[in-house]
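Since the structure comes first, as structure tokens, the remarks are kept for the end.
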Amino acid sequence: MMLKIKRVPTLVSNFQKDEADEIAARGAGCGRNCLRNCCLPGSKLPLYGFKNLSYGKSVADETKESPIDFLESLVLGEWEDRQQKGLFRYDVTACETKVIPGEYGFVAQLNEGRHLKKRPTEFRVDKVLQPFDGSKFNFTKVGQEELLFQFEASEEDEVQLYPDAPIDPEKSPSVVAINVSPIEYGHVLLIPKVLECLPQRIDRDSFLLALHMAAEAANPYFRLGYNSLGAFATINHLHFQAYFLAVQFPIEKAPTQKITVTDAGVKISEMLHYPVRGLVFEGGNTLEDLADVVSDSCICLQENNIPYNVLISDSGKRIFLLPQCYAEKQALGEVSAELLDTQVNPAVWEISGHMVLKRKEDYEGATEANAWRLLAEVSLSEARFQEVTALIFEAISLSVEENEDGTDGSPEDLDVTPPQPMEEIDGLNTHSTMVPA
Amino acid sequence: MESQLGLIEKSFNVKYSDGVREALDELPDSFTITDPSISGHPIVYVSRGFLKVFGYSKNEVLGKNGRVFQGPKTNRRSVMAIREAIREERGIQISLLNYRKDGTPFWMLFNMCPVYSEKDGRVVHFLGIQVPILRRRNSLGGGIGRNGGVCYDGGNCRGYVYKCCRREVCSNSMMEMDRALSVDSVSGLDHTEVDVEGPCEASDQEKTKASVAVNNIMSVLANYSELNGRLVIDRRCCQSGTSLLSASLNISFGRIKQSFVLTDAHLPDMPIVYASDAFLKLIGYLRHEVLGRNCRFLSGEDTERGTQFQIKQCIQNEQPCTVHILNYRKDGTSFWNFLHISPIRSASGKVAYFVGIQIEDTTEAREKQGLNPEMRHRSVVAAVKVAVRGWSMGASTS
């Protein structure tokens with residue numbers, strides 16, 4: 001049996017809706033100024049070349065007064081430019097948003113404009129890896145005005161910006177584009193090697209590129225996220241998302257327990273007291289070490305057909321990996337109507353604690369318990385999670401028994417399954433919701 | 001433009017009377033005082049105890065941000081918890097792995113408290129105490145603090161009556177901590193080995209030591225600020241209606257190196273509520289001379305009325321605008337200001353502020369490498385939008 005769910009796809013490009021009706025060619029190209037052969041020749045786009053630092057070096061660099069945050073300024077400036085040009089479907093800063101009172105500080109946004117008044121489309125959710133289909137919407141079809149810049153490793157030993165760089169198909173550029181339905185300010189998509197038309201599937205190089213972007217932006221409130229197919233990715237063309245939100249995400253506050261440290265110094269922990277079970281990766285002798293362990297874990301999940309989400313947090317220093325099963329439950333009719341009615345698709349941002357709500361009543365009545373209940377549906381069961389963790393550890397050649405502390409499975413921590421999060425969680429009493437206006 | 005060191009010197013001198021440094025120098029504890037209103041949130045005072053523990057000289061520490069003492073094994077979640085405490089202007093007590101100058105790591109109990117101005121309730125400084133933790137071998141550990149060394153305490157220093165307005169952030173964690181400590185007290189001591197990976201929980205003794213130090217330092221600060229007539233205190237006692245920005249916004253804005261001001265759209269005549277260092281440098285005024293004033297004082301005799309009218313129209317319509325306007329410095333000299341103004345919405349979605357970004361229109365500015373002037377305008381607008389939205393969504397829930 002093939003599992004499918006129906007959902008309204010999010011419009012990430014202004015050219016997505018025209019998919020069916022091809023616009024007649026005006027002059028050169030197809031008239032959309034897209035990235036395909038019809039329009040590409042002679043096109044230019046700023047190119048940001050990041051300094052290819054090892055992780056260790058960049059830590060030492062923190063002792064120096066950091067200069068301008070160059071990538072951050074570029075993303076912000078270009079995004080605001082597109083905003084002033086009116087390329088977005090709405091002004092996201094006009095969407096009301098708040099931190100929901102509670103231990104974790106879930107963030108709710110009321111966004112009535114994001115939702116298309118469009119018929120839901122069927123999505124196949126039982127296959128994490130699907131071949132690229134050029135007939136469907138993909139990022140070679142976006143208009144060039146929706147692109148912000150090209151992003152690649154600099155050939156020099158320093159950051160470089162070429163304002164008028166040609167888009168060279170031979171070099172298969174990675175690009176950063178706006179999402180025309182932003183869920184927060186600066187919502188962009190990083191599309192590795194856009195012209196190669198890679199399907200939504202993590203590989204080592206692409207993940208390292210995403211990690212470089214997080215490290216280079218050097219702002220803990222600029223995070224990158226990834227949704228696999230079956231975990232609420234809607235476009236089967238390899239992309240990461242990112243945006244600015246200057247509050248701490250609930251997932252970043254969740255206590256963790258170390259499971260092991262790899263030979264390359266990557267610490268792997270398990271999240272505790274969070275509605276969605278997941279692994280946290282941090283450290284590593286170099287940025288590549290960290291990227292490799294995480295991407296190998298992702299590859300293991302996708303090859304085993306387990307849908308997952310990834311959050312790159314803390315400027316690339318902490319990565320959350322969250323296998324999930326919501327879409328499968330939804331397709332099997334195991335999700336309550338009440339939760340389905342909110343039409344919240346629990347992708348990486350929702351799982352991290354940032355809830356975009358489409359109905360005013362949901363926004364006004366948002367509570368931590370509601371958020372928790374929704375996310376608890378997303379999580380694998382404890383037993384399944386342990387199975388999946390074992391699978392990952394086997395793939396990256398680690399065994400859980402390596403745990404040197406012997407703390408794994410200690411009763412106080414693991415026995416707490418919190419149906420009522422506010423009372424049950426210890427170690428989490430600091431924060432955010434009580435700041436006086 | 002004042003040098004960073006000048007600002008640091010002043011951060012202390014205007015708030016306290018002479019002799020405060022000498023009085024603080026008498027205290028044996030390891031502590032630092034930082035100023036969130038200066039760009040980069042630098043250390044403006046460092047104690048002798050700190051220099052001894054960390055192995056740095058005074059000049060190597062003043063002006064630095066506290067994060068330079070962290071290193072690769074410092075727990076990221078703890079670092080985030082401290083960052084959030086600063087943004088939310090509350091105290092925090094947490095175990096943290098720090099690094100000495102020679103690169104050796106050690107665990108310390110970090111206890112940070114905001115220091116408020118009695119007059120307007122603003123956070124003027126943060127006080128940070130570092131109590132080295134004598135490492136106990138972790139056998140069973142406690143309920144909290146084990147996972148990554150985080151000892152979450154909403155901000156109350158144990159045994160120290162810290163009458164912060166935000167007491168509510170804490171309470172039940174105190175009970176947890178008691179439980180944790182009772183388990184912990186059975187473990188043995190080990191002074192030599194530093195387990196950088198493991199979590200580390202401070203003992204009761206160390207926590208008391210931190211609280212006593214906070215008390216002593218606060219009383220010195222209060223004393224020397226009273227003599228000066230600008231009392232600082234350990235709690236926010238008044239929430240006056242002044243439009244001063246919170247420390248967290250000041251810190252966010254401090255990262256933006258360009259010339260800009262923020263004006264409050266809801267106060268009469270839209271006064272300036274934030275002015276960047278680069279703005280003050282550009283126009284030659286001191287900060288207190290511009291805060292609270294409408295931006296029109298920058299205009300003068302030869303400023304075109306039409307341009308001023310255009311700005312007024314845009315503000316009324318809540319629209320961004322870009323103009324070239326002739327402005328005047330404090331010394332009376334004029335310059336062409338390539339000015340961009342944009343409305344800034346708070347988390348409620350309503351316009352709360354306007355930001356004005358000034359770029360002096362010179363040949364050099366146009367030929368400057370990197371982002372072009374229009375893009376620099378926009379990147380500041382964007383950074384301000386992100387900062388205000390993030391800050392106000394937290395603030396709205398109180």
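Every read-out reported here was derived from the displayed coordinates using simple, explicitly stated rules and does not represent laboratory data. Note that the structure is predicted; figures quoted are calculated from it, not measured. Virtual Cβ from ideal backbone geometry, glycine too; neighbours counted across all protein chains shown.
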Practice prompt. Express the relative contact order of region B:247-393 as a whole percentage, based on alpha carbon pairs under 8 Å and six or more residues apart in sequence.
Written response: 23 percent
Response to the item:
Dividing the alpha-carbon radius of gyration of region A:285-382 by 2.2 N^0.38 Å, where N counts its residues, gives 1.23
Worksheet, complete the sentence: So, over other residues within a Cβ distance under 14 Å of B:S334, counting Lys, Arg +1 and Asp, Glu -1, the net charge is -4
Practice prompt. Report the label-to-label distance for B:N215 and B:F297 in nanometres (one decimal), using points 7 Å from each Cα along the Cα→Cβ vector.
Written response: 4.5 nm
Worksheet item: Between region B:31-75 and region A:315-393, how many Å separate their Cα centres?
Response: 41 Å
Worksheet entry | Radius ratio Rg over Rh of region B:247-393, counting only Cα atoms, Kirkwood formula for Rh | 0.94
Discussion item. List the residues, sorted by chain then number, that are 5 or more residues from B:K73 or on another chain and whose placed amide H is less than 5 Å from its amide H.
Written reply: none
Discussion item. Using alpha carbons only, how many angstrom separate the centre of region B:260-313 from the centre of region A:77-100?
Written reply: 26 Å
Worksheet entry | All lysines inside 17 Å of B:K330 as judged from Cα atoms, apart from same-chain residues fewer than 8 positions distant | B:K281
Worksheet item: Taking each residue of B:371-381 in turn, how many C-beta atoms of other protein chains fall within 10 Å of its C-beta, and what is the average?
Response: 6
Discussion item. Please give the Cα centre distance for region A:170-241 versus region A:255-284, rounded to the nearest Å.
Written reply: 23 Å
Item to complete: Would you mind checking the pairs A:K258/B:K64; A:K44/A:K85; B:K257/B:K350; A:K85/B:K385; A:K98/A:K329 and listing those with alpha carbons more than 22 angstrom apart?
Response: A:K258/B:K64; B:K257/B:K350; A:K98/A:K329
Worksheet item: How many nm separate the modelled label positions at B:D120 and A:F132, each set 7 Å beyond the Cα in the direction of the Cβ?
Response: 5.7 nm
